[in-house]
Structure formats: structure tokens, C-alpha cells
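Written out below as C-alpha cells is the structure these notes cover.
The values are calculated or read from the model by the stated rules, or taken from the named source; none is laboratory data. On a predicted model such as this, the values are computed, not experimentally measured, just so you know. FYI the Cβ positions are ideal-geometry reconstructions off the backbone, even for glycines, and counts take in every protein chain you see. We work out accessible area using only protein heavy atoms, side chains counted, and drop any ligands, DNA or RNA first. Shrake-Rupley method; radii C 1.70, N 1.55, O 1.52, S 1.80 Å.
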Amino acid sequence: QVQLVESGGALVQAGGSLRLSCAASGLTFSRYHMGWYRQAPGKQRELVARIRTSGSTYYADSVKGRFTISRDNAKNTVILQMLSLKSEDTGVYYCRAEPNYGSSYWGQGTQVTVAS
């Protein structure tokens with residue numbers, strides 16, 4: 001059974017930082033691209049950052065230069081380091097495991113609230 005468990009969400013002041021973690025189990029982690037998505041109230045879920053199996057990364061324009069995604073295949077973990085947080089970064093952050101073929105998997109989400 002595949003499980004993705006996010007942690008690290010919190011209430012933080014604007015300009016602050018947070019480190020989100022996603023621990024994966026039940027899958028061959030190194031074979032999955034890993035993405036962080038977020039969903040703000042009343043908005044659609046959007047891709048924030050992705051790290052492929054090769055280690056190459058993608059960032060949404062809104063977070064470039066502030067967020068860093070990394071992975072540790074030995075620990076089956078993907079990290080999202082978030083700096084210089086803004087109120088518009090508020091939302092539920094979800095981890096997703098994305099294979100080249102077949103089903104993807106979602107975590108349950110972790111709440112990030114940035115107070116201005």
C-alpha cells in the first residue's frame with residue numbers, strides 16, 4: 001500500500017520560512033518523479049515544484065528563487081524548502097508521486113498559512 005505523508009506545515013509570518021517533508025512508503029521511490037502542489041482556498045490545485053528521477057527540477061514562476069525542492073532516495077523523502085514566504089503562498093500543500101507510466105499517488109496534505 002502506497003503512502004505519502006506530508007509534514008511541516010504551520011502558521012508563519014510573511015518573510016518567514018518553512019520546510020515541508022514528504023515521506024513515501026510502499027513504492028520504489030527512486031522510480032517516481034515527485035511533485036509539490038498547493039491549493040489555496042477557492043482556487044484550483046497547482047504545481048509548485050517537481051523533481052524528476054534524474055534530479056532535474058521545475059518551479060512555478062511564483063516561487064522561483066524562494067523555494068527549493070530536493071529528494072533523498074535513501075530515505076524515500078522529498079523536501080520543499082520555502083523562504084521569504086508571502087501571504088499568497090497560503091494553502092494546503094500536497095505531495096505527489098508521479099511515474100512515467102501508470103497511476104500517481106497523493107498525500108493527504110499539510111496546511112501552510114502565511115500571515116501578513
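Residues that are among the charged types (D, E, K, R) and either surrounded by 14 or more Cβ atoms within 10 Å (Cβ to Cβ) or farther than 16 Å from Arg96 by Cα (or both) within region 32-74 comprise Arg38, Lys43, Arg45, Arg50, Arg52, Asp61, Lys64, Arg66, Arg71, listed in sequence order.
Of the residues making up region 103-116, those that are surrounded by fewer than 14 Cβ atoms within 10 Å (Cβ to Cβ) and under 17 Å from Val12 (Cβ atoms) number 3. Scanning region 37-82 for residues that are small (Gly, Ala, Ser) and in contact with a strand residue (DSSP E or B) (Cβ under 6 Å, 6 or more places away or on another chain) turns up Ala40, Ala49, Ala60, Ser70.
Residues in region 34-62 that are under 21 Å from Gly8 (Cβ atoms) and either in contact with a Ser or Thr (Cβ under 6 Å, 6 or more places away or on another chain) or small (Gly, Ala, Ser) (or both): Gly35, Ala40, Ala49, Ile51, Ala60, Ser62. Screening Leu80, Leu85 for residues that are open to solvent by less than 30 Å² (accessible area, probe 1.4 Å) and assigned to a loop (DSSP other than H, G, I, E, B) leaves exactly one candidate, Leu85. Which of the residues spanning region 11-51 are under 15 Å from the mean Cα position of the chain (by Cα), part of a loop (DSSP other than H, G, I, E, B) and closer than 19 Å to Met82 by Cα? Result: Ser17, Ala40, Arg45.
Taking region 58-116 as the range and being touching an Asp or Glu at 6+ places or on another chain (Cβ under 9 Å), of a type in the set (Phe, Trp, Tyr) and closer than 18 Å to Gly26 by Cβ as the test, the residues that pass are Tyr94, Tyr105.
When region 63-72 is filtered for residues that are in a loop (DSSP other than H, G, I, E, B) and under 17 Å from Gly16 (Cβ atoms), the ones remaining, listed by number, are Val63, Gly65, Arg66.
As a summary of the residue check, Asn100 satisfies the conditions (1) modelled with pLDDT of 95 or more; (2) open to solvent by 20 Å² or more (accessible area, probe 1.4 Å); (3) within 24 Å of Val2 (Cβ to Cβ) except for the one numbered (1).
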